[in-house]
Each structure stands twice: as structure tokens, then as C-alpha cells.
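Worksheet: one structure, shown below.
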Amino acid sequence: MTSQTGDLVTPWSDTRVSLPRHLYVHVPLCSSRCSYCDFFSTVDDGLPEHAAVVGHTVALLRGWLTPQVRWSALETLYIGGGTPTVLGPHLVQLIRSLTALIPLASEAEVTVEANPESFTPALASALAAEGVTRVSIGVQSLDDSALVGLGRCHDSATALAAITAGVDAGLDVSADLICGVPGVSAEAWERSLRGVVEAGVSHVSVYPLTVEAATPLARAIEAGETLAPDEDAVVDGMHAAAAVLGELGFDRYEVANYARPGHRSLHNTAYWTGKPYIGIGGGAHGMVDGAQARALGLAPEEGGDIGRARYAYAAHVLPGDQLQPLSSIEHLTVAEAAREDAMLGMRMSEGISEGLAVRARVTPALESLVADGLVTFADGRWRPTERGWLFGNEVFSRIWGVVG
Ligand code: SF4
């Protein structure tokens, strides 16, 4: 017999290890491939493939439910990709099947990533009825020529209609935007920022356009067919986002993320604050603590200094009922895990506590960053400055590089 939290109701004490309370699910399908993208996904092939993705994904989650662990109700579920919304009604079925295996906590945040061309009012309502609370829409720009250049398969009107569909269904709507797209003027960039807010989003993620190796964008730049993003324009775009979204009542709580009060992404915050999470699906990553790693067979049962384990699934889709293998498992010592928490925490406006800095032994690195104007220290917390966010790699590498 099992209780509400996955505990066996037995007269003896239960020594099983609890699974993480955050679940990420990767749906590796997209309507088409965007020119700049190096995420793992294949072009959607239609209904039989949708059913296969649902079956595969549910089987993967079942594989984590071994006798050595017990589940606790999920605090956050994030269905990402790829483009989960290409699954249409199968997406509702996927969520129903996953939450039949591990139920949601009563206040759980359930996010679905969506692309405008496959996010209809009917799907938005069906997802809301299934317990989805939040949709993260890949708008990227409200400039139609930029959307063509990025290889997006929707226009700005479709993007605005998707935001409206989410808002009308009662979902918390987030928009992803890309800054630094060549040919987009400062005015057009500001129109994108203001446009998504006017349409009703409560959260905005702003990413710089980056040129990833072996993408169509990288090849086009190499062939001289298109311009590379200009670094100054990217920095100006990030500054403009901070100014415009701040003026509109959005708080920048992470280097790339802005939210109205009460609308931060709890799932992504779990990543930045060192909470363990299970990730499933082709190319997905997960992170578990030492005890979970041992119970799940991701680390030797005994011995060794294992603070956490990070794993990744192979980035391909296997045919039939073959399950995705893990392609890598990395162990971090307890000290390395603390250092990683310190590094990730500096992505957030709250930064990290003095206690974590001491535990991670990164105080000297933080002091050197203060001297360079990249970090501040006040009220017992180390926080990144805006300059520190701009030079994030310097901040992260100095924190990670500390050994002692
Ligand atoms: S829709 Fe998203 S995941 Fe799919 S190719 Fe475009 S950017 Fe990549």
C-alpha cells in the first residue's frame, strides 16, 4: 500500500531514498529546424511518432522508479524540447501518463514550452485543464524579417495570437526573445519587448543570439551570406531589455530572466539553487545528490566522496521500444558540489549567502571579483553586479577555479 507521498505504509522504517521533486522532460520534435539552434530535435513526422514519443518518455520515467527509491509529489514539472506542442493532444496524454506515475503536489508549477505555430486556443485550454500552470512561448522577435532570418516558421501575428491563447486559458505566459539579431534596429528590439508585455506575458527570457558550431547560421556566416551578430549590439540589446522591462514592472531575477512579482520560474530557479532534478528524454540532463546517485545506480553503493552526480541521455531517438541509454555520468565531490552551487547562484540577482561562500571556500575569489566591480557584498550576501552579469564567464570561471 502506498501513501500520498509514495511512502510504503509499513510498520518498519523505510530506508528508501526519495527521488528529486523536479522533473524535466525533453520532447525531441520540432515543426522545422531554426537556423541558429543546436538543441537536440528532429523534424516532426506526424501522429505515429507522437504516440511513440509518449510511450518512450513514460517508459523512461518508469525506469527511474526502482525498488530502492520512493517518489514524492512533484513540485515542478517542465516539458521542454524541441517543441512539445507539436504533439498536440498527445501532449495532454503525456502529462496525464507522467503524473499517473508521480503525482503533482497541490501547488505544483507545470510548464510547457510552446512554439506559436503549434499552440492553439484549444490546446491551451486542454493543457490548463490537465494541470499545466505555465507556458513558455518561443516568440524570439516581433520583427517579421528577423523571424525569417532566424529560420522561424511563424510570423509576429502568430506569436501574439499564441500569447493571447495562453493568457485566455488562464496560464502564466512567458516569452523567449533573442537580442542582437543583425538588421534589427534598437527601435524594433524595443517594440518586441513592449509588444510581448502588452500582449499579457508575466515573464520574459532574453537570450543573446549566439552562433553555435555546425548550425545553418554558422555556415551562412562562414559563406558570407549573412552577418554575424555584433557584440556591441548584443550588449546594447541586453541593456535595453533591462531598462524597458524594469520600467514595465519586471524584476530581473536571473541574468536572462525577468518576471512580474510572483511569476518567477520555480523550475529554473531549482536549477540555479542546486536542487536535484530528474531529466528524461533524448539529450536531456539530470542531477541527483550523492544518496540518490547511489540508490539509482549512478554511483558505487559505497565509498568515494560523491556530493552529486550529473547525467545526460544520448542525443538521438531510438526506434521501437528500445530505451534511451545514458551517454554520460559525472561525479562531483561534496566540495565541488558546493562550488557549483556558488557558481550557479551568481546567475541570480539574490546571489549567494556568506555561509555558502564559506562552505564552498570561494570567498577569496569573490573578494577579487568585488575588487574588479563584478560582484558586491552587502547584508551577508554576495551578488553579481550588472557588469558581473555581462562578464559572467569571468565570474563563473574564477569561482569554479578556486581549489582549497
Ligand atoms: S523550435 Fe526551438 S528547439 Fe526547435 S529548432 Fe527552433 S529553436 Fe531549436
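Provide the percentage of antiparallel DSSP beta bridges, counting only those with both residues in the stretch 17-269; round to the nearest 5.
DSSP beta bridges in the stretch 17-269 are roughly 15 percent antiparallel.
Below 14 angstrom from the Cβ of Val139, what's the summed charge of the other residues (Lys, Arg +1; Asp, Glu -1)?
With Lys, Arg at +1 and Asp, Glu at -1, the net is -4.
With the other protein chains left in place, how much accessible area per residue, in square angstrom, belongs to the chain at a 1.4 angstrom probe?
Counting only protein heavy atoms, the per-residue value for the chain is 44 Å².
Rounded to the nearest 500 deg cm²/dmol, what is the calculated helix-only ellipticity per residue at 222 nm for the chain, with -39500 (n - 2.57) per DSSP H run of length n ≥ 4?
-11000 deg cm²/dmol
At a 1.4 Å probe, what is the % contribution of carbon and sulfur to the accessible area of the stretch 335-404?
Of the solvent-accessible surface of the stretch 335-404, carbon and sulfur hold 54 percent.
Determine, for each peptide in 243-255, 162-174, the mean count of other beta carbons within 10 angstrom over its residues, then list the peptides with the highest first.
Going by the mean number of other Cβ atoms within 10 Å, highest first, we get 162-174, 243-255.
For the stretch 7-136, which whole-number percentage of the solvent-accessible area (1.4 Å probe, protein heavy atoms only) is attributable to carbon and sulfur atoms?
Of the solvent-accessible surface of the stretch 7-136, carbon and sulfur hold 59 percent.
The values are calculated or read from the model by the stated rules, or taken from the named source; none is laboratory data. Note that the structure is a prediction, hence the values are computed from the model and not measured. Positions of Cβ are backbone-derived with ideal geometry, glycine not excepted, and every protein chain shown enters the neighbour counts. Accessible surface is based on the protein model in full, side chains and every heavy atom, while ligands, DNA and RNA are left aside. Shrake-Rupley method; radii C 1.70, N 1.55, O 1.52, S 1.80 Å.
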